[in-house]
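Here is the structure we will look at.
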Amino acid sequence: MSGGGEDLADTAAGAGTGTGAGTGTGAGTGQEELAHDYSHAAVSLPYEFCLAAAPLTGRRGSHGALFLLWPAGHARTASLRERHHVTSAARRIARMLDQADGTPSVPELPRVIPATPPRTHGGRPAQAAADWAERLPEGALALDLEGRITFVDGTAEALLGRASGQLLGTRPWQSLPWLDAPLVEDRYRAAVLSREPVAFTALRPPDIPLGFQLYPDSSGISVRVTRPARHTEGVRSGPPAGAAVPQTGRVHQLLHLAAAMTETVTVRDVVELVAHQVLPAFGADALVLSAADAGRLRITGHHGYDPAVIERLDGLPLDTGLTPAGQVMATGLPAFFDDAAAMARAHPGAPQISGKQAWAFLPLTLSGRPVGCCILSYERPHAFTADERAVLTSLAGLVAQALDRARLHDAAHDLAHGLQQALLPHTLPTVPGLRAAARYLPAGHGMDIGGDFYDVIVLDDTTVAAVIGDVQGHNVAAAALMGQVRTAIRAAAGAPPGAVLARTGRLLAGLDTDLLVSCLYVHIDLTSRCATLASAGHPPPLVHAPGSAPHRVELDPWPLLGVGLDTPCPVTRLQLEPGTLLTFYTDGLVEKPTAAGIDAERGTDDLAAVLADHDGADLDDLIEALLRGTGAASHHTDDIALLLLRL
């Protein structure tokens, strides 16, 4: 929790960290910490306020977060009473969401509940207050928290050049177009969020400077309007004569885009970001991102276009005359078409294909190298002002950087995914008397590739072997070693389990790798229902026989593969009843971070509890339940492999 340029304490231990924005200066201020940890929020909300956050964590995982906002004048440290209320409220909300049937529906618009009742004035005559304001040599306005004017005196009418009937019930930037500027919106937001006074100077046409001082509280904003001396310096919100006023909110939307571009990962992320940030800022209706590929225009993303149109445009030659996209990429110069007639003069077929009425073709270049072309289109004719052209051209550079980075990520992800799929079994074999199901989840970060593996090997009509293992790391080296270990185990399968692991360990030692490998191998005779297990430093499996509680198998320990070459590998034998379920897993499923470190015992207990609650369930459904019940479905930082076998 922080605010007003100062740090505030967390709401409660284990309840999450709160962060706020501020305009203070100095080392360690709240704004600096916010910019470091949450750059998008710091750029989007550069105001003084205090914020507390607590996770809504229930038995079914995290449902979201509870956010509370205070004015900047709040104390530096949250009181114990506040911490208790925040964490208690978060727990109650999480319990309610746990008990709800399915995911609660989310309305399109948030529900707004007035927090402050209408203020009373003790029976004092309203006329006396109005007369008092009229005697002052400055104008007086009152705004509610939604920005509407609720009171205006005669001096303010004269200074603003509008009668009270034209002002009451409106927002200042609606009834006074010269206040429709980003500075006014920014100062108003600062007053509402911080509840502290702010001031600015605006230029009433043609050249009359007016000073505005805003005094907010929980019920609204009082505004003083004055006419400062002409030599008084101030920040003008109005533009020079003849200049167009930027659309209100565009500056904030562009700041959102610049900050959010750093968080995009995939090409789809870039498309969605541009669609939700750039299109509204410039009133556009549709978007296409194209890239050059082997002499052709390949559409990498789109929004607001009919798929049939995209299919027709995808794959056109770079020198096509149907669209200016190829020419824009070749020259690096943007092209703007205000209406269909302008487009038809240069490219006659384009308006008929897309049905749009105005276009902006923006080259995406990076260090002089063409990356692609961003096309914004409009349902109606649109005159591009000089301001719009300049800003759009600059924005194309941001989009180019994000798109190039995203394409590299997508290519690496596709390569990693293909490698992972090639190293793991495509399907599990069908064996009479045995059902099997498995799942692999890569770590929640990195290249989506890792060293966890599993396999089921048919030895003969009545004998199978199963293996699960974990190679240290989440990279290509781990995946490559995992492929070698899995191949070695397949080659040795059929020998006694201890011998299989011993042979694999000797092979691993010969590879001279620094990576550690754990492995669990089981040999099952389906006729006698006897299982023989050997483990090289791997978590023990869970056994769930019909009518009994799931429990861990007590295995004799043996070092990780390649470490204990001079000692025989011990084995454990189990007699299995019909219907018995064997659950094999890697440590990423059960290791739980705690204040004292990693707690695998607690995670294994949670796993056993889920198995007990879903006795007899279909194996694929049971895997989903296990991932949800342990929290791995929503968040995991390590690779996870899970293999279920039921006799």
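Only the Cβ atoms of Lys and Arg (+1) and of Asp and Glu (-1) were treated as charged; on that basis the dipole of the stretch 414-570 about its Cα centre amounts to roughly 260 debye. The C-alpha radius of gyration of the stretch 148-190, expressed as a fraction of 2.2 N^0.38 Å, stands at 1.14. Here each label is just a point 7 Å from Cα along the line to Cβ, and for R189 and E601 those points are 5.1 nm apart. Note on A386 and R92: with the Förster distance fixed at 51 Å, the Cβ-Cβ geometry gives a FRET efficiency of about 0.40. A simple spin-label model places the labels of Q174 and D514 6.6 nm from each other, with each point 7 Å out along Cα-to-Cβ. Summing +1 for each Lys or Arg and -1 for each Asp or Glu among the other residues whose beta-carbon sits under 13 angstrom from that of A534 gives +1.
Would you mind getting me the FRET efficiency between D618 and T427? Use the beta-carbon distance for r and R0 = 22 Å, nearest 0.05. FRET efficiency, D618 to T427: 0.85.
The alpha carbons of the stretch 501-647 stretch over 45, 44, 24 Å along the principal axes, in descending order.
Centroid-to-centroid, using Cα positions, the stretch 338-376 and the stretch 262-333 are 9 Å apart. Overall, the accessible surface of the stretch 484-572 at a probe of 1.4 angstrom is composed of carbon and sulfur to the extent of 55 percent.
In angstrom, the C-alpha Rg and Dmax of the stretch 268-339 are 12.6, 34. When the accessible area of the stretch 172-234 is computed with all protein chains present and a 1.4 Å probe, what percentage of it is carbon and sulfur? Carbon plus sulfur share of accessible area: 51 percent. With R₀ set to 30 Å, the beta-carbon distance separating A609 from L565 gives a calculated FRET efficiency near 0.20. Computed over the stretch 433-522, the P(r) curve from all C-alpha pair distances, binned at 5 Å from the origin, holds 3, 13, 25, 23, 17, 11, 6, 2, 0 percent per bin.
Only alpha carbons enter this Debye calculation for the stretch 315-356, each as an equal point scatterer, and the log10 of I(q)/I(0) it gives at q = 0.17, 0.26, 0.28, 0.31 Å⁻¹ is -0.44, -0.96, -1.06, -1.17. On full extension, the segment bounded by H413 and R435 gains 4.7 nm, given 0.36 nm per residue less the C-alpha separation. Largest accessible area first, the residues L643, L136 order themselves as L136, L643 under a 1.4 Å probe with ligands, DNA and RNA left out. Expressed as a fraction of 2.2 N^0.38 Å, the value expected for a compact globular protein of N residues, the C-alpha radius of gyration of the stretch 292-376 is 1.02.
The values are calculated or read from the model by the stated rules, or taken from the named source; none is laboratory data. Remember, it's a predicted structure, so these values are computed and weren't measured experimentally. Every residue, glycine among them, receives a Cβ derived from its backbone with ideal geometry; neighbour counts consider all protein chains shown. Note: accessible area is taken over every heavy atom of the protein model, side chains too, but ligands, DNA and RNA are not part of it. Shrake-Rupley method; radii C 1.70, N 1.55, O 1.52, S 1.80 Å.
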